[in-house]
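Everything on this sheet refers to the single structure shown next.
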Amino acid sequence: MFSQIRKYTNKNFIVLFFLSFMISCSNDNNDPISIKEPSIVPSEEIITIPVVVHIVNYDPSPFTITDADVATQIKILNEDYNKQNADWTKTPDEFKGVIASMGIKFKLASVDPEGNPTTGIIRTSGNVTGFDGKDNLPTGEIRPIEERKLFFSNQGGQDIWDRDKYLNIWVADLNNRFDVLALAGYASFPGSDPRIDGIVVGSKAFGTLGKLAEAHKLGRTVTHEIGHWLGLFHLHNGGNTNPPNCNGTDFIDDTPLQSEVYTGRPVHPKQSCGSNDMFMNFMNHVWDESMFMFTNGQRKQARLIFNEGGDRRELYLNNKTD
């Protein structure tokens, strides 16, 4: 019996030696062996996203955004997107079972598109405001992308860094200059034009230091707008009609149907479609202190875009860490 085992082992050794020789010969050019990434991002994996902050100051009424302000904003994002914010415990009991960590980590970029070291913070100034990046003019007309000055260095703004390698955040003046509704920020959804793909936030809604608007002093405007950048809708998606109705949906199974557009500091319970509304979700319009949770369904939806075929797949692959 032992001789049969030995004979079997010797044969396999010869086969393995031959295969290893062939592999070695075929890789004489020292090219790395390609290993295909799983088509679906593992549920337990933390997705890392480098951030570049484009600070476009406004000369007629300059604002101050320090490096410390930027650091607080990154800190808030990492807390909110990983269920490390202390106030998630304020979630009503009926919703606590669906609270989720999104499993996404943000960090300031350390290398620029040319491969040079960077702080991830780029500063310019001029006569461009955050409204110069909006698609709709005060007259109601649609502004062509080429005329959205905020996103173009040759028009006084700042060019985007490759969206397949970075999350771009523009900080600009969004004071109410054009007789429009108060605006704290806006975002591009997945699949947007690559020249403008990122989020824009007003200087009074960025970070947790400095001169901040009362409603936006905890840095959660950025949390909210990045939610849109990840493909999440408002919970009140049906409430965008006039009058509001309960026919809309945010396409998430574990968020209650909601038609009411909540602002300020609402007190639970509130109803708009026959069940208690989750107005404390980050994808509502309440004040920063009144929003403090994402759901399992939102986590699932947001992470889909990093899977094979998703709009942010290349961003994931370019920043994958082992």
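For Asp159 and Asn318 in the same chain, what is the full-extension length gain: residue separation times 0.36 nm, less their Cα-Cα distance, in nm? Kindly include the intermediate steps, with their values, before the conclusion.
Numbers: separation 159, 0.36 × 159 = 57.24 nm, distance 2.01 nm.
Length difference between fully extended and current span is 55.2 nm.
State the volume of the convex hull built on the alpha-carbon positions of the chain, expressed per residue in Å³ and rounded to an integer.
205
Kindly report the accessible area of segment 55-121 per residue (heavy atoms of protein chains, probe 1.4 Å, no ligands, DNA or RNA), in Å².
For segment 55-121, the solvent-accessible area averages 48 Å² per residue.
What relative contact order, as a whole-number percentage, does the chain give when Cα pairs under 8 Å and 6 or more residues apart are counted?
For the chain, the relative contact order is 19 percent.
Can you pull out the trypsin sites (Lys or Arg not before Pro) in segment 189-223 whose DSSP state is coil and whose Cβ has at most 16 other Cβ atoms within 10 Å?
The qualifying sites are Arg195, Lys211.
Can you list the HN-Hα couplings for segment 251-266, worked out from phi with the Karplus curve (6.51, -1.76, 1.60; θ = phi - 60°), rounded to whole Hz and with x for Gly and Pro?
6, 10, 6, 9, 10, x, 4, 9, 10, 6, 9, 7, 9, x, 10, x
Fully extended, how many nm does the chain gain between Glu45 and Gln84 (0.36 nm per residue separation, minus their Cα-Cα distance)? Provide the component values of the computation, followed by the final result.
Numbers: separation 39, 0.36 × 39 = 14.04 nm, distance 1.65 nm.
Between Glu45 and Gln84, full extension yields an extra 12.4 nm.
Given a Förster radius of 30 Å and the C-beta distance between Glu114 and Glu214 as r, what FRET efficiency does 1/(1 + (r/R0)^6) yield to the nearest 0.05?
With a Förster radius of 30 Å, E is 0.15.
Over segment 132-270, with the other protein chains present, what is the accessible area per residue in square angstrom, probe 1.4 angstrom?
Result: 47 Å² per residue.
Taking the Cα centre of the chain as origin, work out the dipole magnitude from +1 charges on Lys and Arg Cβ and -1 charges on Asp and Glu Cβ, in debye rounded to 20.
Details: 31 positive and 40 negative charges, 181 e Å.
Taking the Cα centre of the chain as origin, the dipole is about 860 debye.
Give me the percent of accessible area attributable to carbon and sulfur for the chain, probe 1.4 angstrom.
So the carbon and sulfur contribution to the accessible surface is 54 percent.
Work the Kirkwood hydrodynamic radius out for segment 195-322: mean of 1/r over every pair of different alpha-carbon atoms, inverted, in Å.
For segment 195-322, the Kirkwood estimate is 15.9 Å.
Which percentage, to the nearest 5, of the DSSP beta bridges contained in the chain is antiparallel?
That works out to approximately 30 percent antiparallel.
Pop a pseudo-label 7 angstrom from the Cα along the beta-carbon direction at both Lys36 and Ser101 and give the gap in nm to one decimal.
My value for the distance between the label points is 3.1 nm.
The values are calculated or read from the model by the stated rules, or taken from the named source; none is laboratory data. It should be emphasised that the depicted structure is a prediction, and the values quoted were computed from it without experimental measurement. So basically every Cβ, Gly included, is an ideal-geometry build from the backbone, and we count neighbours across all protein chains shown. All accessible areas refer to the heavy atoms of the entire protein, side chains included, with ligands and DNA or RNA removed. Shrake-Rupley method; radii C 1.70, N 1.55, O 1.52, S 1.80 Å.
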